[in-house]
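Worksheet for the structure shown next.
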Amino acid sequence: MVGNFKGKSTCRHYLAALSCFRCHFCDSLYRCNPALLRSGFRLILNDRFFVLKRISQGDSNFVLKVFSRSYGKLTLIARGAARSVKRFGGGILEPPCLVDGVIKKSSREGQIHLLNEAKLVNAFEGLRKNFDQIETALAFMKSVDRLTEDEDSDSLALFQLLGNSLIALESCTQPNLLKVHFQVRLLALLGVLPRESDYATFLTNPVMKWQESQIDANTLKSVEQRMLDCIESIALRR
């Protein structure tokens with residue numbers, strides 16, 4: 001529609017957007033009615049996401065950092081979440097839960113988006129019975145939060161890596177090995193992994209086959225420290 005736009009009626013999404021705010025928001029809507037965007041028009045999105053971080057705000061609101069399947073990292077506010085069991089359930093807006101959410105996405109860059117309701121997909125309850133496992137899961141979440149930019153649409157591979165790592169962690173007997181495996185593959189996906197031979201075994205084997213990435217204890221300790229240093233260095237530059 002670029003260059004041929006003659007009026008609002010030419011956008012097939014226009015009426016749907018005005019009437020129910022459930023347009024999937026093709027580029028034509030941006031071009032058809034920029035006034036809606038300037039006024040703070042919100043899209044309603046249905047997406048699946050992992051909760052990376054939760055901060056309480058006031059008596060009942062939560063500010064969330066999440067990583068979604070379609071939009072990458074987002075900052076959301078869930079108003080009244082601490083009180084509303086109907087819209088948010090109990091205890092589902094906390095790491096490392098996987099959630100289906102209805103998000104009112106702000107059209108203004110840099111603004112916090114509104115989480116309207118959420119439904120639990122997977123709470124990874126098995127991880128909560130073991131301190132080392134839940135600590136490792138939270139380390140996954142922290143690494144993703146620190147290393148990713150907001151609203152990167154090329155997020156599916158990282159979303160899948162995070163999900164597969166949490167599933168593998170539920171039956172993992174060596175959480176520290178899996179954590180290093182996850183961090184190596186995360187840095188590789190982000191294109192910032194240093195070229196070193198010690199990382200080859202982690203890049204060859206997917207996280208679901210972490211058992212096949214066995215290395216000796218000294219090498220593992222060395223790789224773990226290098227991962228921590230690398231993550232810290234990258235996070236400080238962002």
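For the reader, a short list of remarks on this structure follows.
- Scanning region 194-235 for residues that are hydrophobic (A, V, I, L, M, F, W, C) and without any contact (Cβ under 8 Å) to a residue 12 or more places away in the chain yields Ala200, Ala217, Leu228.
- Test: residue in region 106-113 that is farther than 30 Å from Leu177 by Cα, β-branched (Val, Ile, Thr) and at pLDDT below 95: yes
For (1) surrounded by 11 or more Cβ atoms within 10 Å (Cβ to Cβ); (2) polar (S, T, N, Q), each residue gets a yes or a no:
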{"site": "Asn205", "(1), (2)": "yes, yes"}
{"site": "Trp210", "(1), (2)": "yes, no"}
{"site": "Ser213", "(1), (2)": "yes, yes"}
{"site": "Ala217", "(1), (2)": "no, no"}
{"site": "Leu228", "(1), (2)": "yes, no"}
{"site": "Leu236", "(1), (2)": "no, no"}
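- Residues that are buried (at least 16 other Cβ atoms within 10 Å of the Cβ), more than 14 Å from Phe202 (Cα to Cα) and modelled with pLDDT of 95 or more, drawn from region 153-163: Leu158, Phe159, Leu162, Gly163
- Members of region 111-139 found to be within 18 Å of the chain's Cα centre (by Cα), among the polar types (S, T, N, Q) and part of a loop (DSSP other than H, G, I, E, B), listed by number: Gln111
- Residue in region 78-99 that is touching a His at 6+ places or on another chain (Cβ under 7 Å) and either closer than 26 Å to Ala235 by Cα or among the aliphatic types (A, V, I, L, M) (or both) present: no
- Members of region 80-128 that are under 19 Å from Ala139 (Cα atoms) and among the basic types (Lys, Arg): Arg128
- Selection from region 134-166 of residues that are touching a Phe, Trp or Tyr at 6+ places or on another chain (Cβ under 9 Å) and either in the same structural domain as Gly101 (by TED's automatic domain parsing) or more than 28 Å from Lys105 (Cβ to Cβ) (or both): Ile134, Thr136, Ala139
- Hits in region 80-128 - residues which are without any contact (Cβ under 8 Å) to a residue 60 or more places away in the chain and among the hydroxyl-bearing types (Ser, Thr, Tyr): Ser84
- Residue that is nearest to the chain's Cα centre (by Cα), among those in region 183-197 that are closer than 14 Å to Arg146 by Cβ and either of a type in the set (Gly, Ala, Ser) or outside any helix (DSSP H, G or I) (or both): Leu190
- Just one of the listed residues (Ala16, Ala82, Ala78) is small (Gly, Ala, Ser) and at pLDDT 90 or above, namely Ala78.
The values are calculated or read from the model by the stated rules, or taken from the named source; none is laboratory data. Being a predicted model, the structure only gives us computed values, none of them experimental. Ideal geometry is used to build each Cβ from the backbone, glycine not excepted, and the neighbour counts take in all protein chains shown.
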